[in-house]
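S.K.: Here it is, the structure, as structure tokens.
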Amino acid sequence: MTHHEDLHAWTLTPEEAVALQRRLAPRVVRHGKPDAVSCIAGVDIGFEDGGETTRAAVVVLDWPSLAVRESVVHREPTRMPYIPGLLSFREIPAALGAFARLEAHPDLVMVDGQGIAHPRRLGVASHLGLWLDLPTIGVAKKVLCGRHGEVPATRGEWAPLTDRRRTEDPADVEVDAEGRVVIGAMLRSRVNVKPVIVSPGHRLDQATALEWAIACLGKTKLPEPTRLADRLASRKG
């Protein structure tokens, strides 16, 4: 699988990266549903050599069986140090290298990280979605911005994650009764386990992103695509 035309260079200062996020965020499509889905890719990133090497793992699962069709690990030198809010510039170059090596062409991509639930509405799942021009979903473990109410304890229940309106938000953005922007859902993926944050990355609406995340849940906290990618990204050798 090859990715589409390059969006930008990766050699950027943090200030340039923030400015680029603000320019790219309005290009993220926050509505839609994937076409007929036959396979789903899970993506996660790990690091080796004290952070000097980025290890990108992509696992492609058949749908609806969730059987593994293909898996790829790609390593390359890390481009940017860890800077909160700029993880996509640290992680996506290696992820693109992994996708370039795939034989399968996934219809949907589930990323370990944020979608639009990001201060500038361009988390790693949204940024990667723009590069691949594919529907993407962010499944993250920690809240980066916004607030939420209590999440019911039952598996599959959720509560909206909302944030104040930002300049990157489109005029027709979904808002709650207080006028706050809905940027994700706190999903109780397993009883008595902290919820995960599900947010649309690109070419999906919030309801569809949540629907797919729930449909891909197995017996653990993470949906199967990102669980398997996480395991592969963390494995040595």
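S.K.: If you average 1/r across every pair of different Cα atoms in the stretch 168-222 and take the reciprocal, what Kirkwood value do you get, in Å?
M.R.: 12.5 Å
S.K.: Please give the length that would be gained between residue 153 and residue 192 if that part of the chain were fully extended, namely 0.36 nm times their separation in residues minus their C-alpha to C-alpha distance (nm, one decimal).
M.R.: 13.4 nm
S.K.: I'd like the projected area of the stretch 1-127, averaged over all directions, using the convex hull of its alpha carbons. Report it in nm² with one decimal.
M.R.: 8.0 nm²
S.K.: Springs between alpha-carbon pairs under 10 angstrom, Gaussian network model over the chain: which of 169, 112, 44 fluctuates most?
M.R.: Fluctuation is largest for 169.
S.K.: Could you work out how far apart the two model spin labels at residue 37 and residue 164 are, taking each label as a point 7 Å from the Cα in the direction of the beta carbon, and quote it in nm?
M.R.: 3.5 nm
S.K.: Pairs of Cα atoms under 8 Å, at least six residues apart: use those to get the relative contact order of the stretch 188-237, whole percent.
M.R.: It rounds to 31 percent for the stretch 188-237.
S.K.: Of the DSSP beta bridges with both residues in the chain, give the percent that are antiparallel, rounding to the nearest 5.
M.R.: 80 percent
S.K.: Please go through the stretch 155-237 and write out the trypsin sites (Lys or Arg not before Pro) that DSSP classes as loop and that have at most 15 other C-beta atoms within 10 Å.
M.R.: In loop regions of the stretch 155-237 (DSSP not H, G, I, E or B), the sparsely surrounded trypsin sites (Lys or Arg not before Pro) are 155, 164, 165, 219, 235, 236.
S.K.: Let me ask another. Just how many pairs of Lys in the chain have C-alpha atoms closer than 15 Å, counting pairs that are eight or more places apart or on different chains?
M.R.: 6
S.K.: What's the center-to-center distance, using Cα atoms, between the stretch 133-187 and the stretch 1-60 in Å?
M.R.: 20 Å
S.K.: Highest GNM mean-square fluctuation, the chain, Cα pairs closer than 10 Å: which of 78, 11, 226?
M.R.: For the chain, modelled as a Gaussian network with Cα springs under 10 Å, the answer is 11.
S.K.: Looking at the stretch 143-237, which GluC sites (Glu not before Pro) are DSSP coil and have at most 12 other C-beta atoms within 10 Å of their C-beta?
M.R.: 150, 178
S.K.: I'd like the per residue volume of the convex hull spanned by the Cα atoms of the chain, given in cubic angstrom.
M.R.: Numbers: hull volume 28.2 nm³, N = 237.
It is 119 Å³ per residue.
S.K.: Now for a different question. I'd like to know how the stretch 9-65 sits against the 2.2 N^0.38 Å rule of thumb: what's its Cα Rg over that expected value?
M.R.: 1.62
The numbers here are math on the coordinates, done by the rules we state, and not lab data. On a predicted model such as this, the values are computed, not experimentally measured, just so you know. Don't worry about glycine lacking a Cβ; one is built from the backbone with ideal geometry, like all the others, and counts go over all protein chains shown.
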